[in-house]
Amino acid sequence: MNTLSRYAGAVCALALLYTAPAGAATVKGVISTPKKAGAPEAIKVTKDHAICGVKPLSKEEMLVSASGGLKNAVVIIQGAGKAAPGKGGIAQQGCRFEPHVMTLAAKSKLEIKNNDGLSHNFHSFGFENDPVNFSQPGEMKVKVVDKGFEYPEVIKIQCDIHEWMNAWIVVSDESAVAVTGADGSFSIANLKPGTYTAKVWHEKLGEVTQKLTVKDGDNTLNVAMSK
Amino acid sequence: MMLSIAPLLQALMALFVLAAASPASAQQALTPERAAKGKPVYEKRCAGCHGLTGAGDGPAADRLRPRPRDFKTAFYKFGDTVFGKLPMDTAMFRAISEGLPGSSMPGWKDTLREEEIWDVVAYIKDFSRKFARLKERGEKLEPLVIGTAPKLSEADIQEGKELFLKNCEKCHGKAGRGSGPSAVALKHDLGDRIWPRNLTKGWTFRNGNAIENIYRTAAGGITGTPMPSHLESLKPEQVWKIAGYVDTIVQREQPKTSEVIIGKPIEGAPPAGIDDARWAEAPAAHIPLAGQIIEGERWFTPTVDSVQVRALYDSTMIYLLAEWDDPSASPLTEPNDKFPENEPDAFAVQLPTVIPTGMEKPYFLGGGNKSPVIQWKWTNGGAVETLSAKGILKVDPIAGPAANALSANATYVDGQWRAMFTRPLTASGDGDLTIEPGKYIPIAFSAWDGNNGETAEKRAISIWYWLLLEPPTPLTVYLWPAIIGFLIAGGEVWLVRKVNQHAHRKE
């Protein structure tokens, strides 16, 4: 009985620490850029054409929709809650990383898939976090890394064998995070009303922070990024 | 039970590794007092390259390739741990004590006392908060377990080769010369271009070329570089097999530099080409090359570091075979976006216009106004030219019949160019050289790796060496010793007889 109650207490404490704030407010918006929309530049596939050349690849560093929406920007509302460590996932597929940009709660595990049946490597460029770089041959379809993503920072991922393959993992201990879709839109729900700092990051356009007052119901956060 | 044995085993293995790696430097306690004692030593001996704040940005840093270690990021290439992990103290001690071959990092064991080196290790660790954080978290570094090399059979080596081709070839190439398809697009984590090691040149290995060192690098990778660890995907015994295979292709000692290229006479048909069996008759001369840092744009990072040269000749022609390792045949058929430089590879043989009679030779860097030189230049996919030079950038195609006297052809296989030059011995006009057998003729070389952005003065160069076409040995050279030997033997027999006769008579 005693043990049970202690467990229950621990679970409650964890829940308090890590669950997203159960507020009713939502922040929605569009991250945009005045940079021109247009077909992204094609990637020169220089090796393993039989697998890497099946689908045409293009650069994903600046994806702008017709209305100026910016894809793959990361929105973090700071101070809204602690992120619970869990397991994230990324795949090496068709000689690109899927997704190209992702968020990951600090101290999470990362499951890395190789769906290509050929040799890749997974090379992370952390500074706060110890970088990892291991070879992932075709037979190694799944590899779970349990260290390397403990501290909040933006980490670049690279496959050195296929020089065009890169991705970004935004490690954060905040629970209120989102990655923008193709139209630049995002939505973060379950926020408590209050004043926060919103941070927006993009791999080419850098970082923008701004104050944000959240009220019950729907709130709007539109940020234009340029550099 | 298992749980309690594992750390014990690990500790034992760690002890073993440490003992194997550096017998003279057992771990010492690194206290704050030690770090304080290390500060003045660091500032006197290390800050010039590594910077006062340890950021690898000392006054000399910009001129060094590879750049000095940045202690703030705490990326240590040779830490005796797996990729990305902080280094073992003993590995740091070893790097300071022994230096890092092939880089500008000298060994300090003759300058600093062992105690002082440990003080510096303690001080350097304070530049990064990562070491302290590790302590706070109560974690210990796990050394990369090496142990001793297992006995490998022929079949193991063969399996090692297959594993090499599967896991290493993409960067290190089929023959291990660093010429794989991914070699031309690699970057160091801090941004500089980086090349996979040419595994046939063991003397260039930064962290030792014993089979245990090869295992360590293949197993753990090299932090801060594209070289990944392989213990996630391979079993230790498989990595040992790879190390065993690399052991069969590595040449550990750097070949001695040859002052003279000795050309051998041949009879009959001219060499059929690069693969003619008679090339084996000509001794291989090893000529080191270095970046051209004297005139124009200085070039510190050439990829071609040496050339092997052989010469043959007959009654009318000279044949020169040059072989050099280059990580790619440029221009690349599939250039990448990361390094778009894509000039053609090239190679030049440089000779004076007349054989010098005294000590004075033309300026080795392309001659000068008073004493020009000629250059035989081969360019991949381009012309074979005889050039007349009066300086490294004052180069013009030679005029007159000499322009067409030279021919050359080259092949590129697995990271190695082999180029054969053919030319008449006799000069084909004004400003050309007549090559006389039996005379010492100055000769120098230049190599350009186009994919490394090398053109014009950006290249690898040699100083002057000598070419000597060895005259065929006349029969009299063999006859005279025989005659003299015969006479001496005859004389001795006669003398012994005389002495014997004399003795007889006395009796």
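Every number in this text was worked out from the coordinates using simple rules, so none of it is lab data. These figures come from a predicted structure and were not determined experimentally. Positions of Cβ are generated from backbone atoms using ideal geometry, with glycine treated the same way; all protein chains shown enter the neighbour counts.
Peptide A:142-150: average number of partner chain Cβ atoms within 10 Å per residue?
1
Given R₀ = 60 Å, what would the calculated FRET efficiency be for residue B:314 paired with residue B:153, taking r from the Cβ atoms and rounding to 0.05?
0.80
Helix-only estimate, please: 222 nm mean residue ellipticity of chain B, summing -39500 (n - 2.57) across DSSP H runs of length 4 or more and dividing by its residues, to the nearest 500.
-9000 deg cm²/dmol, from helical runs alone.
Too long at a 25 Å Cα-Cα cut-off: which of A:47/B:187; A:113/B:166; A:147/B:77; A:87/A:199; A:71/A:141?
Cα-Cα > 25 Å for A:71/A:141; rest within.
For segment A:75-131 and segment B:249-294, what is the separation of their C-alpha centers, rounded to whole Å?
52 Å
For an R0 of 35 angstrom, estimate the FRET efficiency from the Cβ-Cβ distance between residue B:204 and residue B:43 and round to the nearest 0.05.
The calculated FRET efficiency here is 0.65.
Would you please give the FRET efficiency between residue A:61 and residue B:188, computed as 1/(1 + (r/R0)^6) with r the Cβ-Cβ distance and R0 = 30 Å, to the nearest 0.05?
For residue A:61 and residue B:188, the calculated efficiency is 0.90.
When the label point is put 7 Å from the Cα of residue A:151 along its Cα-to-beta-carbon vector, which residues of segment A:108-129 have a backbone N closer than 17 Å?
A:108, A:124-129
Could you work out the relative contact order of chain B, using alpha carbon pairs under 8 angstrom and six or more residues apart, expressed as a whole percent?
Over chain B, the number comes to 12 percent.
When B:227, A:140 are ordered from fewest to most other Cβ atoms inside 10 Å of their Cβ, what list results?
A:140, B:227
Specify the residue with the greatest mean-square fluctuation among A:64, A:144, A:200, computed from a Gaussian network of chain A linking alpha-carbon atoms under 10 Å apart.
Top of the fluctuation ranking is A:144.
How big is the gap, in Å, between the Cα center of segment A:137-208 and the Cα center of segment B:416-489?
With segment A:137-208 and segment B:416-489 each reduced to a Cα centre, they are spaced 62 Å.
When Cβ neighbours within 10 Å are restricted to other protein chains, what is their mean count per residue of peptide B:222-231?
Per-residue shielding by partner chains comes out at 5.
Considering only DSSP beta bridges whose two residues both sit in segment B:260-469, what percent are antiparallel, to the nearest 5?
Counting DSSP beta bridges with both partners in segment B:260-469, the antiparallel share is about 90 percent.
Under the Karplus relation 6.51 cos²θ - 1.76 cosθ + 1.60, θ = phi - 60°, what is the ordered set of whole-Hz ³J(HN,Hα) values for segment B:486-492, x standing for Gly and Pro?
For segment B:486-492, the Karplus curve yields 4, 4, 5, 4, x, x, 5 Hz.
Can you list, largest first and rounded to whole Å, the semi-axes you get for segment A:89-216 by taking the square root of 5 times each eigenvalue of its Cα gyration tensor?
Over the Cα atoms of segment A:89-216, the semi-axes work out to 30, 15, 13 Å.
Take peptide B:71-78, look around each residue's Cβ out to 10 angstrom, count Cβ atoms belonging to other protein chains, and average those counts.
1
In a GNM of chain A with a 10 Å cut-off on Cα contacts, which of A:40, A:152, A:56 has the highest mean-square fluctuation?
Maximum among the listed residues: A:56.
Relative to a virtual label point 7 Å from the Cα of residue A:41 in the Cα→beta-carbon direction, which members of segment A:149-185 show backbone nitrogen distances below 17 Å?
A:163-167
Could you name the lysines in cross-link range of residue B:37, using Cα to Cα under 18 Å and dropping any fewer than eight places away on the same chain?
Within the straight-line cut-off, residue B:37 pairs with B:109, B:125.
What angle, in degrees between 0 and 90 and rounded to the nearest 10, separates the Cα long axis of helix B:32-45 from the longest principal axis of the Cα atoms of chain B?
30 degrees
For residue B:505 and residue B:135 in the same chain, what is the full-extension length gain: residue separation times 0.36 nm, less their Cα-Cα distance, in nm?
So the extension gain works out to 123.0 nm.
Using helices alone, I'd like the mean residue ellipticity at 222 nm for chain A: each DSSP H run of four-plus residues gives -39500 (n - 2.57), total over residue count, nearest 500.
-3000 deg cm²/dmol
Which whole-angstrom value gives the distance between the alpha carbon centres of segment B:319-389 and segment B:74-108?
So the two Cα centres are separated by 38 Å.
Could you work out how far helix B:236-249 tilts from the main Cα principal axis of chain B, as a 0 to 90 degree angle to the nearest 10?
Approximately 20 degrees, to the nearest 10.
Report the residue, chosen from A:51, A:155, A:188, that carries the largest GNM mean-square fluctuation when chain A is represented by alpha-carbon nodes joined by springs under 10 Å.
A:51
Report the gain in length on full extension from residue B:253 to residue B:414: 0.36 nm times residue separation, minus Cα-Cα distance, nm rounded to one decimal.
55.8 nm
Please determine, in degrees from 0 to 90 and to the nearest 10, the orientation of helix B:114-125 with respect to the longest principal axis defined by the Cα atoms of chain B, where the helix direction is its Cα long axis.
60 degrees
Binning every alpha carbon pair distance of chain B at 10 Å from zero, what are the percents per bin?
4, 15, 22, 20, 16, 11, 7, 4, 2, 1, 0
Using the number of other C-beta atoms within 10 angstrom as an exposure proxy, rank B:421, B:445 with the fewest first.
Sorted ascending by nearby Cβ count, the order is B:421, B:445.
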